[in-house]
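The values are calculated or read from the model by the stated rules, or taken from the named source; none is laboratory data. Since the structure is predicted, the reported quantities are computational estimates derived from the model, not experimental observations. Please note: Cβ atoms are built from the backbone with ideal geometry, for glycine as well, and neighbour counts cover all protein chains shown. Just so you know, the surface numbers come from the protein's heavy atoms only, side chains and all, with ligands and any DNA or RNA stripped out. Shrake-Rupley method; radii C 1.70, N 1.55, O 1.52, S 1.80 Å.
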Amino acid sequence: MDKHFYISTPIYYVNDVPHIGHAYTTLACDVLARYKRARGFDVCFLTGTDEHGQKVETAAKANGETPLELADRVVKRFQSVWEKLNISHTDFIRTTQERHKLAVTEQFRKIEAAGDIYLGYYEDWYCTPCETFWTETQLLDGTCPDCGRPTSKLKEESYFFRMSKYQDQLIQHIEENPDFIQPKSRRNEILSFVKEGLRDLSISRTSFSWGIPAPGNEKHVIYVWFDALTNYISALGYPDDKDGLYKKFWPADAHVIGKDILRFHAVYWPTFLMAAGLPLPKKVFAHGWWTVEGQKMSKSLRNVVEPNMLIDTYGVDAIRYFLLREVPFGLDGDFSHSSLISRINSDLANDLGNLLSRSTAMLGKYFGGVLPQPGAADDVDSAFTARFPKAVKLLDKQYSDMAFNKALQTIWELISSGNKYIDETAPWALAKDEGQQERLATVMYNLLEAQRLIALLVAPFMPDTASKMLETLGCDKDDVSLEGRDAWGGLQAGTEISKAQPLFPRIEAE
Ligand code: MSP
């Protein structure tokens with residue numbers, strides 16, 4: 001069977017610098033991409049930058065540079081932060097690339113030819129910072145319901161997309177595909193929004209020029225969301241598909257996004273695709289938002305948390321672990337240094353790190369660091385080893401539900417049971433008794449084999465840590481594939497295993 005998997009992050013605006021909100025979405029996709037690879041899938045993992053629109057044009061002007069100069073500068077910051085965060089994307093799309101402009105133009109043409117794009121006049125209340133038109137009833141005391149800033153009445157010639165035509169088809173699709181929009185609460189929100197009625201959508205602007213021109217009418221620039229959403233297929237080489245990527249990977253398995261941009265992904269994008277006669281993505285998953293120490297993250301509050309600073313302070317795997325462990329994916333969460341530090345100390349240094357250092361130290365002491373052949377299992381051993389195949393199976397389900405925090409809980413239950421197994425079997429007592437050599441060998445084997453499996457299971461979340469663990473255990477540190485390697489008993493007796501260096505030093509909170 002040809003196993004392939006396509007996952008995407010949103011493309012990030014270049015008028016902002018990367019912060020933990022961006023890192024969060026990208027990280028979640030990375031974990032899933034790594035897991036799927038370990039399961040033998042050919043993975044397309046797309047991220048990139050959204051570089052057109054009035055905001056970028058204005059920001060560039062204020063900096064005395066061209067929009068493209070600004071984009072070239074900021075895109076590097078995204079690329080370097082993803083490298084530092086160990087993100088394993090397979091492609092990076094920029095909306096200023098030729099391949100993207102080509103796809104957007106073609107998509108526009110195609111929908112226009114189908115009769116679903118027409119020229120008209122648009123008049124409504126416009127919020128410039130948000131690039132969004134609002135109806136009178138949506139305004140809050142005359143201001144933008146999203147950002148609270150003043151809006152102004154704007155009338156301009158515009159191309160419209162006949163979104164209203166697709167209302168019933170979209171409702172039907174959402175109802176027939178319960179997993180299309182997740183989590184469920186968000187799905188219900190979208191469903192009632194669509195049922196209230198879809199208006200036709202203005203999809204061009206004449207008020208600025210930084211964007212892709214409408215084909216055949218250069219006065220118009222294609223609206224940012226029509227432009228941006230198309231990235232998910234332009235990166236695959238749509239429409240020419242010279243490399244066969246579109247054929248192979250579309251429809252996407254999952255678009256992972258934040259809750260603020262769900263409507264664009266669950267209403268606009270599917271209806272654009274319907275009009276173009278293309279299949280819809282299988283899943284759109286909207287995660288929650290992070291606040292910082294209880295407050296909304298914003299430039300004006302000067303509390304924006306930058307991934308670079310976090311990684312330098314705490315290490316990349318600690319951050320990767322924390323962001324996905326702390327909050328159920330789909331709900332809002334709060335970032336604080338104190339909860340990060342307490343997770344590092346308890347879950348990483350104590351539970352995971354100690355298990356490895358205790359067991360490798362004992363192996364050194366009792367068997368000169370050479371893994372012994374295990375003897376017969378007793379009840380304590382069987383109860384311990386039986387946990388692993390169960391966890392492996394459960395994890396697969398938790399990954400497909402994008403329940404990252406639960407997946408980490410599942411792995412941490414294995415780690416705790418490892419620490420408990422040491423207490424129950426008391427190897428130090430067995431070591432004092434000549435007659436218990438075989439028993440001691442069994443216990444030590446089980447402990448170290450358990451950690452081979454734990455290393456493979458944590459690898460999607462903490463790739464560097466997994467490598468270190470595997471190296472300590474005398475395994476190939478770069479091979480984290482799970483296919484055929486997730487069953488008990490992979491470690492060979494006779495393997496030399498040295499005493500582990502601490503994986504995570506404890507952090508003293510200031
Ligand atoms: N350019 C659009 C997306 C186009 S996709 C075809 C965009 N860009 S963005 O840079 O503003 O935001 C990208 C993502 O960052 C969104 O998914 C958003 O939810 C996420 N986050 C921004 N701030 C966030 C938090 N404070 N917490 C969690 N995620 C947040 O929107």
How do the pairs read when you match residues in the stretch 1-12 that are under 8 Å from ASP42 (Cα atoms) and at pLDDT 95 or above with residues anywhere that are in a loop (DSSP other than H, G, I, E, B) and open to solvent by 10 Å² or more (accessible area, probe 1.4 Å), using Cβ under 8 Å and keeping only pairs 6 or more apart or on different chains?
LYS3/ARG39; LYS3/GLY40; LYS3/PHE41; HIS4/PHE41; PHE5/PHE41; PHE5/ASP253
For the stretch 267-296, enumerate the residues that are within 12 Å of the ligand (Cβ to nearest atom) and open to solvent by 40 Å² or more (accessible area, probe 1.4 Å).
TRP289, THR291, GLN295, LYS296
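Kindly provide the set of residues from the stretch 489-510 that are open to solvent by 80 Å² or more (accessible area, probe 1.4 Å) and either touching a helix residue (DSSP H, G or I) at 6+ places or on another chain (Cβ under 7 Å) or at pLDDT 95 or above (or both), ordered by number.
Matches in the stretch 489-510: GLN492, GLU496, LYS499, PRO502, PRO505, ARG506.
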Say we look at the stretch 413-453 and pick out the residues that are of a type in the set (Val, Ile, Thr) and open to solvent by less than 10 Å² (accessible area, probe 1.4 Å); which of these is farthest from ASP381 (Cα to Cα)?
ILE415
Of all the residues that make up the stretch 31-51, how many are open to solvent by 10 Å² or more (accessible area, probe 1.4 Å) and part of a loop (DSSP other than H, G, I, E, B)?
3
If you go through the stretch 78-91 one residue at a time, do you hit one that is surrounded by fewer than 23 Cβ atoms within 10 Å (Cβ to Cβ), in contact with a Gly (Cβ under 8 Å, 6 or more places away or on another chain) and not in a helix (DSSP H, G or I)?
yes
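Under the condition of being open to solvent by 30 Å² or more (accessible area, probe 1.4 Å) and assigned to a loop (DSSP other than H, G, I, E, B), which residue from the stretch 9-18 is nearest to the ligand (Cβ to nearest atom)?
This residue is ASP16.
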Can you tell me which residue among LEU348, LEU331, LEU301 is touching a helix residue (DSSP H, G or I) at 6+ places or on another chain (Cβ under 8 Å) and not polar (S, T, N, Q)?
LEU348
Specify the residue that is farthest from VAL194 (Cα to Cα); the eligible residues are those in the stretch 241-266 that are open to solvent by 60 Å² or more (accessible area, probe 1.4 Å) and touching a helix residue (DSSP H, G or I) at 6+ places or on another chain (Cβ under 8 Å).
LYS259
Mind checking which residues of the stretch 19-44 are aromatic (Phe, Trp, Tyr) and within 15 Å of the ligand (Cβ to nearest atom)?
TYR24
Go through the stretch 199-210 and give me each residue that's out of contact with any Phe, Trp or Tyr (no Cβ under 8 Å at 6 or more places or on another chain) and not aromatic (Phe, Trp, Tyr).
ARG199, THR206, SER207, SER209
Looking at this structure, is LEU301 within 13 Å of the ligand (Cβ to nearest atom), free of Cβ contacts under 8 Å to residues at least 24 places away in the same chain and of a type outside the set (S, T, N, Q)?
yes
Test LEU331 against the criterion of being more than 15 Å from GLU413 (Cα to Cα) and without any contact (Cβ under 8 Å) to a residue 40 or more places away in the chain, and give yes or no.
no
ASP2 fails exactly one of the following numbered conditions: (1) assigned to a loop (DSSP other than H, G, I, E, B); (2) over 17 Å from the mean Cα position of the chain (by Cα); (3) within 16 Å of the ligand (Cβ to nearest atom). What is the number of that condition?
(3)
